[in-house]
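Written below as structure tokens is the structure these notes are about.
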Amino acid sequence: MTKCTFCGKESHPSKGTHVIKNSGTVNYFCSSKCRANSEKLKRDKRKIRWTEAFHITREKARAREAEPKEKANIK
Ligand SMILES: [Zn+2]
């Protein structure tokens, strides 16, 4: 199982496309939707709701917001 570089969804390598750049980095896209959003439309995966990266950054931001409040309660 390979993880899609854009949406983070795991799917079989026989499905989707592997894009190998001259620099040596391999990008795997599970669908044409992911490939178009990443390469053609050049969208930031952290700003698109249906990607895993969006939810990860959102959770991190929430944790950062929650931390100072918890410390304040202890004091
Ligand atoms: Zn994908």
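Applying the criterion of being in a loop (DSSP other than H, G, I, E, B) and at pLDDT below 95 to the residues of region 10-23, the residue that is farthest from the ligand (Cβ to nearest atom) is Lys21. Being in contact with a His (Cβ under 9 Å, 6 or more places away or on another chain) and either more than 13 Å from the ligand (Cβ to nearest atom) or not charged (D, E, K, R) (or both) is a description that applies to Phe29. Might you let me know whether region 42-64 holds any residue that is β-branched (Val, Ile, Thr), surrounded by fewer than 11 Cβ atoms within 10 Å (Cβ to Cβ), more than 9 Å from the ligand (Cβ to nearest atom) and part of a loop (DSSP other than H, G, I, E, B)? Within region 42-64, none of the residues are β-branched (Val, Ile, Thr), surrounded by fewer than 11 Cβ atoms within 10 Å (Cβ to Cβ), more than 9 Å from the ligand (Cβ to nearest atom) and part of a loop (DSSP other than H, G, I, E, B).
The values are calculated or read from the model by the stated rules, or taken from the named source; none is laboratory data. The shown structure was predicted, so the numbers you read here are calculated from the model rather than taken from an experiment. Glycine gets a Cβ as well: all are built from the backbone with ideal geometry, and neighbour counts include every protein chain shown.
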